[in-house]
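Chemist: If you scroll down you'll find the structure; I have some questions about it.
What follows is calculated from the coordinates using simple rules that are stated; it is not laboratory data. Please read all numbers here as calculations on a predicted model, not as lab measurements. Quick reminder, even Gly has a Cβ in these numbers, built from the backbone with ideal geometry, and neighbours come from all protein chains shown.
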Amino acid sequence: MRILISGASVAGPVLAYWLNRYGFAVTVVERAPAQRKSGGHAVDLFRPAMEIVDRMGVAEDIRAKATGTEALEIHRPGANTLRVDLRKVFTAVSDNHVEIMRDDLSEILYGTNSSEVDYIFGDSITAIGDDGEVTFERGPAQRFDLIVGADGLHSNVRALVFGPESRYSTWIGAYLAVISVPNYLDLDGVMAVTVEVGRGAGIYSAAHMDDARALFMLRPPQPLDYHHRDTERQKQLLRDHFRGMGWEVPRLLAELDRTPSFYFDSITQLRLDTWSRGRVTLVGDAAYCPGAAVGGSTSMAVVGAYILAGELATHAGDHRAACAAYERRMGDYVRRSRGFAVAAAKVIVPARRLDLWAMLNAVRLINHVPAPVSRAAAKLNNKGVRLHESIVVPDYPLRDV
């Protein structure tokens, strides 16, 4: 069975690894000319995803590249700096958690199968036929038994087969931007932020990094008008919305003119009734992005890719039965992540003074609650901060397909 995967970031390499282990013939096509190393931002892997990468033999490599961020400092005009022990937060959320820069994670995952799987960089799919015939921008047409879109929130595969993104996307009220900046504050293990009603900004570095990342989150009253590839317009929107904000924000905004990497996007959920159609299925953010920075989408992408591969092996390549089983196994997890992401976005970027007051007081409370108590309280609710711990990772035995 020949399988084509579009996307070589996180879900794509995980899926390719397991499909290759199960004996499928796998090709991965990636629009970028090479493995991305454009700066990236910090992402989280929770226990289920860590179990999967452990089975892939790279859990220790991932831990070795952990960001090392252990504290959060919140700076407010005229107020004392609030400092939070993030280790206490992470242990409450997950029994096995790693924060890692996305590009480092992608590089490690790609390395698990780059010599065994056919990776095609610098190309993209232009059409997909009902019979599995795929045409590309540059390479010759080929036929595949299954095509998988693992190409992110703005998935090309999803657009070709399921239609415009606007049919399935739901803005949940906020935007996120991340840029690379010099580590001029000499941050080591600390994320420093400032927050106001409707906007917040910060800077953090990570172990093994010479520079730092500045992040901006904003909650405008209505969706912003821009194209997702128009970076100059996006930068101007940031300048407009963060004008007049104090602390380090003017310096961070000044870096917009010289940053080597820039990310800006809405915090958007995808809500599709099905992720499969004919010989095409979707995985990761292309299928069920719960919202960047608020829904654990990277961890979910690893789990989804592993389950899709396992179901294809279990059903001996019957893609229709396998995709249906994959959707059943992931459905509840995805639906609960959506609800959590909406609530998290409201907390992280408060829309009202009352919400900001509640957030700051919750932070103060964390500092006074003993770690064992916070872990015990969190474990009482697997629909909230512990939702990523609730999914059981199936054991798919290796078999010939």
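Chemist: Using 7 Å Cα-to-Cβ label points, what is the residue 135/residue 390 separation (nm, one decimal)?
Modeler: Label-label distance for residue 135 and residue 390, simple model: 4.6 nm.
Chemist: Shifting gears a bit: For a paramagnetic label modelled at 7 Å from the Cα of residue 357 toward its Cβ, which residues of the range 174-199 fall within the zone defined by backbone nitrogen distances under 20 Å?
Modeler: Taking a point 7 Å out along Cα→Cβ of residue 357, the residues of the range 174-199 whose backbone N falls under 20 Å are 195-199.
Chemist: How much length, in nm to one decimal, is gained on full extension between residue 171 and residue 70, taken as 0.36 nm per residue of separation minus their Cα-Cα distance?
Modeler: So the extension gain works out to 33.3 nm.
Chemist: Which longest uninterrupted range of the chain lacks any GluC sites (Glu not before Pro) assigned by DSSP to a loop state (not H, G, I, E or B) and surrounded by at most 14 other Cβ atoms within 10 Å?
Modeler: 138-401
Chemist: Moving to a separate point now. Where q = 0.19, 0.24, 0.35 Å⁻¹, what log10 of I(q)/I(0) comes from the Debye formula for the range 268-307, counting one point per Cα?
Modeler: Those come out to -0.51, -0.77, -1.19, one per q.
Chemist: Quick one: 205, 390, 114, fewest Cβ neighbours within 10 Å first, how do they rank?
Modeler: With the sparsest Cβ surroundings first, the list reads 390, 114, 205.
Chemist: Fewest Cβ neighbours within 10 Å first, please rank 65, 88 accordingly.
Modeler: Details: 65 22, 88 18.
Taking fewest neighbouring Cβ atoms as first place, the list is 88, 65.
Chemist: Could you compute the net charge surrounding residue 266? Neighbours are other residues with a C-beta less than 13 Å from the C-beta of residue 266; K and R count +1, D and E count -1.
Modeler: Local net charge: -3.
Chemist: Taking the 0 to 90 degree range and rounding to the nearest ten, how far is the long axis of helix 11-21 tilted relative to the main principal axis of the chain, both from C-alpha atoms?
Modeler: Helix 11-21 and the main axis of the chain meet at about 40 degrees.
Chemist: Using 7 Å Cα-to-Cβ label points, what is the residue 210/residue 85 separation (nm, one decimal)?
Modeler: Reported label-point gap for residue 210 and residue 85 is 3.5 nm.
Chemist: Would you mind telling me the antiparallel percentage of the DSSP bridges in the chain, rounded to 5? Could you put the intermediate results ahead of the total?
Modeler: Details: 45 of 66 bridges.
Close to 70 percent.
Chemist: At 0.36 nm per residue, and after removing the present C-alpha to C-alpha distance, how many nm does the segment from residue 197 to residue 316 gain when stretched out fully?
Modeler: 37.5 nm
Chemist: How charged is the neighbourhood of residue 179? Take every other residue with its Cβ under 11 Å from the Cβ of residue 179, and add Lys/Arg as +1 and Asp/Glu as -1.
Modeler: Net local charge, residue 179 excluded: 0.
Chemist: Counting DSSP beta bridges with both partners in the range 1-99, what percentage is antiparallel, nearest 5?
Modeler: 55 percent
Chemist: Working from Cα positions, state the angle (0 to 90°, nearest 10) between the long axis of helix 297-314 and the longest principal axis of the chain.
Modeler: Its long axis makes an angle of about 20 degrees.
Chemist: How much mean residue ellipticity at 222 nm does the chain get from its helices, if each DSSP H run of length 4 or more adds -39500 (n - 2.57) and you divide by all residues, to the nearest 500 deg cm²/dmol?
Modeler: Taken over the chain, the calculation gives -11000 deg cm²/dmol.
Chemist: Report the gain in length on full extension from residue 258 to residue 142: 0.36 nm times residue separation, minus Cα-Cα distance, nm rounded to one decimal. Can you show the working numbers first?
Modeler: Working: separation 116, 0.36 × 116 = 41.76 nm, distance 4.14 nm.
My answer for the length gained is 37.6 nm.
Chemist: Pull up all non-local amide H partners of residue 43: gap of 5 or more, or a different chain, and H-to-H distance under 5 Å with H placed in the peptide plane.
Modeler: 100, 101, 102
Chemist: Let me ask something else about it. Compute the signed sum of charges (Lys and Arg +1, Asp and Glu -1) over the other residues within less than 10 Å, Cβ to Cβ, of residue 208. Could the numbers behind the result be given before it?
Modeler: On the way: positive: 65; negative: 104, 210.
Net local charge, residue 208 excluded: -1.
Chemist: Which of rounded, prolate, oblate describes the range 144-246, given a ≥ b ≥ c as roots of the alpha-carbon gyration tensor eigenvalues and a/c under 1.5 marking rounded, otherwise prolate only if a/b is larger than b/c?
Modeler: The shape class here is oblate.
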